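Data first, discussion second: the structure below is written as structure tokens.
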Amino acid sequence: MESKRIAAEKAAEFVKDGMIVGLGTGSTAYFAIQKLGQRVKEGLSIKAIATSKQSEELAKEVGISLLPFAEIETIDLTIDGADEVDEEWNLIKGGGGALLREKIVASASKQLIIIVDESKLARQLGAFPLPVEIVQFGHELTIKKLRKLGADPVLRQAGNEPYLTDNGNYIADCHFGTIAQAKELHQTLNLIPGVVDNGLFVGMATHVIVGYQDGTVQEILKS
Ligand code: 5RP
């Protein structure tokens, strides 16, 4: 947790007065929202867009003003976590179920700062099962199509019921093995009727900040 916190707090330093900030979701983004709340109390003036109901609640709790989408064209900077980051900064996201809103916010952001602990760094993506958000209607058929792609999909559960995203959809966690062609897989998946989006974020991150177990934090470079 400490390595997540230091990465998050480093990212919060990128936020300046007057910015519109995208707030990510998950345990690492939690620390960034907390830090931004603290800075707001100290006088920082920002407005934010949240990527989940959970982050929206947290933002309200810590005193960060939220904006409706109707009032914005672009977002200056978004700070979000990831489940895996490869050497080209392609990401797997959605472990926390917020991938669709996260991608909508990331796609409107001039900068996307990804905050992770070192355990999330991978040479290639795929050890973490890829979350795919699917609509409820016909989900059994959609899952069969995912299986035909070699995904070994598992419908995410919350207790005895399928897990529901903030958008009222299901998530199929897809074990593809090593993902060599992230861009192609992203496109293939999103062409399946019933798939809303998937957790591959290709070429979207502009910064990656890593917290290490030894207490150091570093903005890494793309290889
Ligand atoms: C939520 C996400 C999170 O950013 C991702 O799951 C990382 O979470 P954490 O910071 O808790 O490890 O994509 O949909």
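Structure values in brief
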quantity: Rounded to the nearest 20 debye, dipole of the range 157-223 from Cβ charges on Lys, Arg, Asp, Glu; calculated: 240
quantity: Pairwise label distance in nanometres, residue 104 with residue 53, each label 7 Å out on the Cα-Cβ vector; calculated: 1.4
quantity: Pairwise Cα inverse-distance average, inverted: Kirkwood Rh of the range 130-196 (Å); calculated: 12.0
quantity: Computed E for residue 137/residue 60 - FRET, C-beta separation, R0 35 angstrom, nearest 0.05; calculated: 0.60
quantity: Distance between modelled label sites at residue 160 and residue 220, nm, 7 Å Cα→Cβ extension; calculated: 4.3
quantity: Accessible-area composition of the chain, carbon plus sulfur, in percent [1.4 Å probe]; calculated: 51
quantity: Residues of the range 102-122 with amide N under 14 Å of the 7 Å Cα→Cβ point at residue 167; calculated: 102-108
quantity: Burial order of peptide ranges 146-159, 30-43, 53-66, 13-26 (average beta-carbon count within 10 Å, highest first); calculated: 13-26, 30-43, 53-66, 146-159
quantity: Percentage relative contact order, the chain, counting C-alpha pairs under 8 Å, at least six apart; calculated: 24
quantity: Using distinct alpha-carbon pairs, which all enter the 1/r mean, Kirkwood radius of the chain in Å; calculated: 17.6
quantity: Using a Förster distance of 41 Å, the FRET efficiency for residue 38-residue 87 (Cβ separation, nearest 0.05); calculated: 0.80
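The values are calculated or read from the model by the stated rules, or taken from the named source; none is laboratory data. These numbers come from a predicted model, not from an experiment. For neighbour counting, all protein chains shown are included, and Cβ atoms are generated from backbone atoms with ideal geometry for every residue, glycine included. Calculation scope for accessible area: heavy atoms of the full protein, side chains included, ligands and nucleic acids excluded. Shrake-Rupley method; radii C 1.70, N 1.55, O 1.52, S 1.80 Å.
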